[in-house]
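Visitor: Below is one structure. I have some questions about it.
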Amino acid sequence: MNTAIRNNWNLDEIESLLGLPFNDLLFRAQDIHRKYFDPNKIQISALLSIKTGACPEDCGYCAQSTHHDTGLERERLLSKNEVINAAIKAKKQGAQRFCMGAAWRNPTDTNLEKVKTIITEVKALGLETCVTLGMLTAHQAQCLKTAGLDYYNHNLDTSPEFYNQVITTHTYTDRLKTLEHVRAAGIKICSGGILGLGESRQDRASLLQQLANLPVHPDSVPINLLVKIAGTPLAQTPDLDPFELVRVIATARLLMPKSHIRLAAGRDNMSDELQALCFFAGANSIFYGDRLLTTPNQTSQKDQHLFARLGIQSIAVPTTDPLEPRACVSIKTC
Ligand code: SAM
Ligand code: DTB
Ligand code: SF4
């Protein structure tokens with residue numbers, strides 16, 4: 001199989017991969033996974049909502065949109081100390097990257113200043129930093145780079161064709177523009193999507209095409225499975241066939257061989273066996289910690305048990321660790 005890195009995939013090729021016999025698809029994905037990664041190592045990111053709720057956008061899946069009555073309490077931007085304490089805890093639990101999410105359409109310049117200070121201090125703990133703050137201007141992206149930001153998360157979420165059935169307050173082009181600004185600023189891109197929104201297989205192929213044909217593949221590709229939130233328009237969406245999730249992960253691995261593919265939201269409702277299949281298909285990153293943004297994540301205890309059963313280790317925390325030097329790769333504190 002041709003393992004060249006490509007950015008010119010056409011939809012037919014991607015649909016053919018997605019529709020391969022399951023075992024053929026998994027075999028090919030595992031084969032390419034082993035060319036670029038240690039198949040038994042997983043990247044660990046911790047997640048913290050630094051500003052929760054009251055978002056003006058109308059994303060149909062989201063607990064934090066003011067357009068839906070989800071009963072979520074809005075919270076102000078957390079103080080620097082609150083965030084730093086959470087980052088220290090995450091680092092002690094073995095996280096390599098600390099991701100901070102804010103429910104904004106876009107950050108104001110005042111809020112951006114606050115986030116910049118937080119980024120600099122989290123980075124000083126020896127953690128990689130990632131933020132997701134909504135849309136950015138070119139200048140704002142530059143400012144985040146100057147503050148030392150490593151990754152910016154901005155998902156394309158679904159296909160361009162299906163997008164306006166889920167979100168009407170911003171466009172696909174808006175999302176692509178922010179990704180362009182982030183890339184131009186030299187910040188690594190974290191961009192993926194959500195499955196189970198009621199989209200078709202063709203939409204899933206089209207989302208993958210958008211991601212794989214970006215000028216540079218995202219360093220990190222989160223694949224979220226819809227967490228159904230009562231009060232959102234998508235709360236009653238029928239469950240996605242779990243094998244579709246595995247197929248999307250395997251296809252993402254084939255299209256973007258060097259990217260970290262993250263099995264993101266939804267793990268709390270997945271069996272160990274389904275998660276193991278996703279790792280076999282090429283997923284090599286997770287959110288670790290008991291909470292996502294507003295919903296529970298699979299507990300750290302269950303993750304440790306699953307990793308031990310599968311012989312999986314987390315990627316080592318860098319040894320230049322201002323908290324405590326260590327070379328251990330277990331996700332337990334060690
Ligand atoms: N406001 C920013 C934005 O939209 O980019 C950042 C926060 S937003 C919550 C980050 C991502 O979380 C979304 O793009 C979506 O992929 C994912 N997400 C949000 N709600 C979700 C849900 N209920 N289930 C699964 N993924 C979800
Ligand atoms: C991503 O792709 N998934 C995370 C993170 N990036 C910000 C968010 C998942 C949110 C799940 C629903 C919630 O907890 O509100
Ligand atoms: Fe706001 Fe992001 Fe939620 Fe959309 S996904 S409503 S932009 S927080």
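Visitor: Between GLY192 and residues 5 or more places away or on another chain, which pairs have amide H atoms under 5 Å apart, with H built 1.01 Å from N, and which residues are they?
Guide: HIS154, ASN155, LEU156, ASP157
Visitor: Pop out the ³J(HN,Hα) list for segment 5-15 in order, Karplus 6.51 cos²θ - 1.76 cosθ + 1.60 with θ = phi - 60°, rounded to Hz; leave Gly and Pro as x.
Guide: Calculated HN-Hα couplings, in order: 7, 10, 10, 9, 6, 9, 4, 4, 4, 5, 5 Hz.
Visitor: Check cross-link reach from LYS114 to the aspartates and glutamates: straight Cα distance under 14 Å, and skip same-chain residues fewer than eight apart.
Guide: List returned: GLU82.
Visitor: Here's a follow-up. Evaluate the relative contact order of segment 12-312 (contact order divided by residue number), counting alpha-carbon pairs under 8 angstrom at least 6 apart; express in whole percent.
Guide: 23 percent
Visitor: Further, regarding this structure: Across segment 246-262, in residue order, what do the Karplus-derived ³J(HN,Hα) couplings come to in whole Hz, using 6.51 cos²θ - 1.76 cosθ + 1.60 with θ = phi - 60° and x for Gly and Pro?
Guide: So the Karplus estimates, Gly and Pro as x, are 5, 4, 5, 5, 4, 5, 4, 4, 5, 7, 10, x, 9, 7, 7, 9, 9 Hz.
Visitor: I want the antiparallel fraction of DSSP beta bridges within segment 12-312, as a percent rounded to 5.
Guide: Here the antiparallel bridges make up roughly 5 percent for segment 12-312.
Visitor: Quick one: Karplus J couplings for segment 203-213, per residue in order, coefficients 6.51, -1.76, 1.60, θ = phi - 60°, nearest Hz, x for Gly and Pro?
Guide: 4, 5, 5, 5, 4, 4, 4, 4, 5, 6, 9
Visitor: Oh, and also: Using 0.36 nm per residue of separation minus the Cα-Cα distance, give me the extension gain between SER271 and ASP69 in nm, one decimal.
Guide: On the way: separation 202, 0.36 × 202 = 72.72 nm, distance 2.98 nm.
Gain on stretching SER271 to ASP69: 69.7 nm.
Visitor: Under the √(5λ) rule applied to the eigenvalues of the Cα gyration tensor, what semi-axes describe the equivalent ellipsoid of segment 12-312? Give them in Å, descending. Mind dumping the intermediate values first?
Guide: Numbers: eigenvalues 151, 97, 77 Å².
Gyration-tensor ellipsoid for segment 12-312: 27, 22, 20 Å.
Visitor: While we're here: If amide hydrogens are placed 1.01 Å from N in the peptide plane, which non-local residues have theirs closer than 5 Å to the one on SER49?
Guide: HN-HN under 5 Å from SER49: GLY101.
Visitor: List every residue whose amide H lies under 5 Å from the amide H of ARG291, counting only residues 5 or more places away in sequence or on a different chain, with H placed 1.01 Å from N in the peptide plane.
Guide: Answer set, sorted by chain and number: ASN297.
Visitor: Where a Cα-Cα gap under 15 Å defines reach, which aspartates and glutamates qualify for LYS89, not counting those fewer than 8 residues away within the same chain?
Guide: Partners within reach: GLU121, GLU128, ASP290, ASP321, GLU324.
Visitor: Let me ask you something else. So, in Å, what gap is there between the alpha-carbon centers of segment 124-172 and segment 1-41?
Guide: Going from one Cα centre to the other spans 26 Å.
Visitor: I would also like to ask the following. Tell me, what is the FRET efficiency for ASP24 and SER79 to the nearest 0.05, using R0 = 56 angstrom and their Cβ-Cβ distance as r? If you can, show how the numbers build up before the last one.
Guide: On the way: r = 52 Å, r/R0 = 0.93.
Between ASP24 and SER79 the formula returns 0.60.
We did not get these values from a lab; they are worked out from the coordinates using the rules stated. In this text the structure is predicted, and so the values were computed from the model without any measurement. Backbone-built Cβ (ideal geometry, glycine too); neighbour counts: all protein chains shown.
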